[in-house]
Structures are given as C-alpha cells and as structure tokens.
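Encoded as structure tokens, the structure appears first; notes follow it.
The values are calculated or read from the model by the stated rules, or taken from the named source; none is laboratory data. All values reported here derive from a predicted model rather than from experimental measurement. When we count neighbours, we look across all protein chains shown, and the Cβ atoms used for this are built from the backbone with ideal geometry, even at glycine.
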Amino acid sequence: MAVSSIAVPPDPKRDARAAALVSQVPTWPRHTLKVAWGSFEAGTTFRRATGSGGARYLVNAVACECPDYQQNGAICKHIRAYVLFEQEQARFDAEVDRVLGSAPKSRYEALFPACKDGCGDLADGLDGRCSKCASDAEWQARRDARAS
Ligand SMILES: [Zn+2]
Ligand SMILES: [Zn+2]
C-alpha cells in the first residue's frame, strides 16, 4: 500500500538535486515490506534508491534511510524525487483517464486495441482492424459487391 505523502517544505538545493534524480526513480526497484518496519505496516511500498557511493536506501514519500534524512532530519533529495515522480505519474494517469474515460479494459488494451479479427495484431487500421485485415476486409467487400 502507498503511504500518503507529507508536506515537503521547499529547499532549493535539495529540490534541484531531486529534479535531477526524478528520471532515475523508475529504475529504483520496488520494495514491499513483508513485515512491519518501524511505524510502517507490512505491505507498505518503498523503492530502493542508489545513493552516491553506491549505498542503497529504502525510500518512499515520507521516509528515507539515507544519512541526510536519518541524521539531519531533512526531507532529503530521495524523498523529494520520489514525490515528484509520484506526482508526474498521477498527472499522467489523470491525463490517460481524461482521454479514455473510465475504460473497462486495462490501460494497455484501451491504448492499444487488438484487431477485431483476432489475428493478434494491433488495430492500427480501419474500423477496429489491423491494416492487413482491414485491406483483406475491403477486398472481400469489393468481391461480394461484384458477386451480387
Ligand atoms: Zn534520502
Ligand atoms: Zn488483423
């Protein structure tokens, strides 16, 4: 489960470092707690950030294992980057929802519908078919028109 984020006070230096880190956040492996850890329940999700010097820190929107957070009590660049990334994701999700409406299918299927002839290709051609099936269908229709 995700934790609700804390208010992140602005901090120009750390914010700048976080902005540079955001693109790395998706490469930080996800980590779900199997047992409670501190005040976090089992099932809480973290990512494993790689710090400078190769150290690994568990981080989420409210806590981080790095010295900046642990020792300085600061909202470190990892948390800031994590929060920025989550916000970007939320914006993206909202945009997808806006475009697709509440699609009953999975996002992938809604964004990349399959050809209705069931050939396994994507429906990138006309009327819900892939371009190959669409041209086959067109050919079929022309032949039927000639036959009648
Ligand atoms: Zn940190
Ligand atoms: Zn097809």
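Key figures for this structure:
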{"read-out": "Single unsatisfied condition, GLN71 versus (1) under 19 Å from ALA20 (Cα atoms); (2) at pLDDT below 95", "value": "(1)"}
{"read-out": "Candidates ALA61, ALA110, ALA103, ALA81, filtered to the one that is surrounded by 11 or more Cβ atoms within 10 Å (Cβ to Cβ), modelled with pLDDT of 95 or more and within 20 Å of the chain's Cα centre (by Cα)", "value": "ALA81"}
{"read-out": "Unmet requirement for LYS116, which otherwise passes all of (1) over 24 Å from ALA20 (Cβ atoms); (2) within 24 Å of the chain's Cα centre (by Cα); (3) basic (Lys, Arg); (4) surrounded by 11 or more Cβ atoms within 10 Å (Cβ to Cβ)", "value": "(2)"}
{"read-out": "Residues of the stretch 62-104 classified as of a type in the set (Val, Ile, Thr) and free of Cβ contacts under 8 Å to residues at least 12 places away in the same chain, total", "value": "1"}
{"read-out": "Residue tally, condition under 15 Å from GLU65 (Cα atoms) and part of a loop (DSSP other than H, G, I, E, B), over the stretch 30-43", "value": "3"}
{"read-out": "Answer from GLY53, GLY128 - the residue that is among the small types (Gly, Ala, Ser), surrounded by 13 or more Cβ atoms within 10 Å (Cβ to Cβ) and not in a helix (DSSP H, G or I)", "value": "GLY128"}
{"read-out": "Any chance ALA61 is aliphatic (A, V, I, L, M) and part of a helix (DSSP H, G or I)", "value": "no"}
{"read-out": "The stretch 69-101: number of residues that are away from ligand 1 (no atom under 16 Å from the Cβ) and of a type in the set (Ser, Thr, Tyr)", "value": "0"}
{"read-out": "Options VAL8, VAL25, VAL59; residue that is more than 16 Å from ligand 2 (Cβ to nearest atom), in contact (Cβ under 8 Å) with a residue 60 or more places away in the chain, among the β-branched types (Val, Ile, Thr) and in contact with a strand residue (DSSP E or B) (Cβ under 7 Å, 6 or more places away or on another chain)", "value": "VAL25"}
{"read-out": "Test for PRO26: is it outside any loop (DSSP other than H, G, I, E, B) and modelled with pLDDT under 95", "value": "yes"}
{"read-out": "Selection from the stretch 6-50 of residues that are surrounded by 11 or more Cβ atoms within 10 Å (Cβ to Cβ) and among the basic types (Lys, Arg)", "value": "ARG14, ARG17, ARG47, ARG48"}
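Yes/no matrix, rows are residues, columns are (1) among the β-branched types (Val, Ile, Thr); (2) farther than 19 Å from ASP15 by Cα:
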{"site": "LYS34", "(1), (2)": "no, yes"}
{"site": "GLU41", "(1), (2)": "no, yes"}
{"site": "ALA49", "(1), (2)": "no, no"}
{"site": "VAL62", "(1), (2)": "yes, no"}
{"site": "ALA74", "(1), (2)": "no, no"}
{"site": "ILE79", "(1), (2)": "yes, no"}
{"site": "LEU84", "(1), (2)": "no, no"}
{"site": "GLU88", "(1), (2)": "no, no"}
